[in-house]
Amino acid sequence: MTALSVATILAESARRHPDTVAVVDGDIRVTYAELWLEARCHAAGLRELGVRPGDWVALLAPNVVDFPRVYYGALAAGAVLVPVHLLLTPDEAAHVLRDSGATLLVCHTSQLAMGARAAALAGVPVVTVGSAAEAPRLEDAGGSTAPLPSYLTRAAEDPAVILYTSGTTGTPKGAVLTHLNLVLNATVNVFDANDARSTDVVLGGLPLFHSFGQTVAMNGTFRIGATLVLLSRFTGPAAIDLMLREGVNVFHGVPTMYVALLDASRGRDTLPALRLCVSGGASLPVAVLDRFHTTFRTTVFEGYGLSETSPTATTNQPHFGTRPGTIGHPVWGVEVEIARTDLDDRIELLPTGELGEIVIRGHNVFAGYLGRPQDTADAVVDGWFRSGDLGRKDADGFITIVDRKKDIIIRGGFNVYPREVEEALVRHPAVGQVAVIGLPDARHGEEVCAVVVPDPAASTPPSEQELIDWSRTHLGRHKYPRQIRYVDALPLGPSLKVLKRELRRSLSPPGAD
């Protein structure tokens, strides 16, 4: 057995950079030595609460210092961590708890209203972390015993983190990421793909429950021994103020965050001196990239990845140069090619310049979907992960995403799965048929639009705003449609499938791609 743990990332930086500030959270400053001690105290607390190696521990927390404390504490205890998306409804979060087999939910006190309800629905016990006095507290459990002396040994291929992603079925699936997946992805990001340095001060504005924020921002920063400045709720003005105050020089973000920074920069005499910027989560419009370069006088390195690829698969890299509009080259140790889209049972690679499905092979590819062997077999064919995205690779090796094979909507960097939204909307008594699509949006990249055929039996359909308001109570805040369009009929193809491409074409503003 080859031993490896994601907890090594923090343990080694605590050994190499004990007095360096690892995390800034408001007025709180925690060094690497302090953070590793706190994580080991939490590991001891989890053990006191009955958590055993290989158990699943769910974590519901915003971008505060308690997130890395619990994250590395659970991993040090040998548990498998299940981050819970903050924007889910209690029913949606309860599904994650049940499906993962979580034995415990660690919930930050700021999220307890949703977390306690979800845990009750799933029949999972809750323990809290955070400043407010809510019992039972993980801090109390850990305070009654000595901290773990180190992390427990795990195999490199053992599960470390389960990230939930819905896919085209709309049923959330747990993508199993191993210790090897996550340690190598963090390492490659900072030592090969990007010009990261131990002297960096990194803004932690991306959600830490999300693969981008977790691997690239948190794990990557800790891997190299730099400082992570947490921002629990991202807005452009708040981010600029915080970056100026803390001397932040590295920014990771999704396109909506770049747009927000540009908006907030207007009228300011002083802007952060950003040495390194990385964009992912959705395609960054070239116009936004150009404006950001001019305004902040820095280069943005756009990359690409998925939860199933830990996440980074490709990025524009200093070694190869940048090419706007592309997602760059594969990261070290990872192969990214273009394959035929019409073959489900095998992978046949296409020549340079041809359009096909982006397929990925390497140390970053996940171990599979939890408890779903058929879904795993469909996703990983001949050792290649099928991304569902369409793209091309040019003669210089730069890869460009052309379209998505699947109908996933990426709103503000978060995946929204149309079928999941559709299944919620058809529960409304006045909705007969519905198709959910993504429409171009300057701020969010895409906006969720529901195209609705009213139920003929309904006397009067609700107004567009009434249906939006109804959706908000049934779907997570990143999922519910902000736009409703009523039509008499949906366009159908020869196989009677809804032609969503036609809907996007007819409803998109003139000039939109």
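The values are calculated or read from the model by the stated rules, or taken from the named source; none is laboratory data. Note that the structure is predicted; figures quoted are calculated from it, not measured. Quick reminder, even Gly has a Cβ in these numbers, built from the backbone with ideal geometry, and neighbours come from all protein chains shown.
Some values worked out for this structure:
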| read-out | value |
| --- | --- |
| Qualifying position, being touching a Gly at 6+ places or on another chain (Cβ under 7 Å), farther than 27 Å from Thr20 by Cβ, crowded, with 23+ Cβ neighbours inside 10 Å and not basic (Lys, Arg), among Leu60, Leu97, Leu87 | Leu60 |
| In the range 392-429, residue nearest to Leu343 (Cα to Cα) [restricted to those that are modelled with pLDDT of 90 or more and part of a strand (DSSP E or B)] | Arg392 |
| Options Ile409, Ile437: the member that is buried (at least 18 other Cβ atoms within 10 Å of the Cβ), within 29 Å of Leu262 (Cα to Cα) and in contact with a helix residue (DSSP H, G or I) (Cβ under 6 Å, 6 or more places away or on another chain) | Ile437 |
| Subset of the range 35-51 [under 27 Å from the mean Cα position of the chain (by Cα) and either more than 23 Å from Thr153 (Cβ to Cβ) or without any contact (Cβ under 8 Å) to a residue 60 or more places away in the chain (or both)] | Leu35, Trp36, Glu38, Ala39, Val51 |
| Close pairs (8 angstrom Cβ cut-off, 6 or more residues apart or separate chains): closer than 18 Å to Leu75 by Cβ in the range 126-147, in a helix (DSSP H, G or I) and β-branched (Val, Ile, Thr) anywhere | Val129/Val70; Val129/Thr109; Leu138/Val70 |
| The listed residue being in contact (Cβ under 8 Å) with a residue 12 or more places away in the chain and under 24 Å from Pro510 (Cα atoms), out of Glu464, Glu423 | Glu464 |
| Search result, residues across the range 329-352 that are touching an Asp or Glu at 6+ places or on another chain (Cβ under 8 Å) and touching a residue at least 40 places away in the same chain (Cβ under 8 Å) | Val331, Trp332, Ile338, Ala339, Thr341, Thr352 |
| Thr187 vs. criteria surrounded by fewer than 24 Cβ atoms within 10 Å (Cβ to Cβ), within 15 Å of Thr309 (Cα to Cα), hydroxyl-bearing (Ser, Thr, Tyr) and at pLDDT 95 or above | yes |
| Trp36 being among the aromatic types (Phe, Trp, Tyr) and over 25 Å from Leu88 (Cβ atoms) | yes |
| Flag if Leu206 is touching a Ser or Thr at 6+ places or on another chain (Cβ under 8 Å) and in contact (Cβ under 8 Å) with a residue 60 or more places away in the chain | no |
| Among (1) surrounded by 20 or more Cβ atoms within 10 Å (Cβ to Cβ); (2) outside any helix (DSSP H, G or I); (3) over 21 Å from the mean Cα position of the chain (by Cα); (4) not hydrophobic (A, V, I, L, M, F, W, C), the one test that Gly142 misses | (2) |
| Conditions (1) in a loop (DSSP other than H, G, I, E, B); (2) surrounded by fewer than 21 Cβ atoms within 10 Å (Cβ to Cβ); number of the one not met by Asn364 | (2) |
| Top-ranked residue in the range 367-381 [being touching a residue at least 40 places away in the same chain (Cβ under 8 Å) and not in a loop (DSSP other than H, G, I, E, B); ranked as farthest from Gly305 (Cα to Cα)] | Asp375 |
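Quick grid of which residues meet (1) aliphatic (A, V, I, L, M); (2) surrounded by fewer than 24 Cβ atoms within 10 Å (Cβ to Cβ):
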{"site": "Ala3", "(1), (2)": "yes, yes"}
{"site": "Arg16", "(1), (2)": "no, yes"}
{"site": "Gly26", "(1), (2)": "no, yes"}
{"site": "Ala33", "(1), (2)": "yes, yes"}
{"site": "Glu48", "(1), (2)": "no, yes"}
{"site": "Tyr72", "(1), (2)": "no, no"}
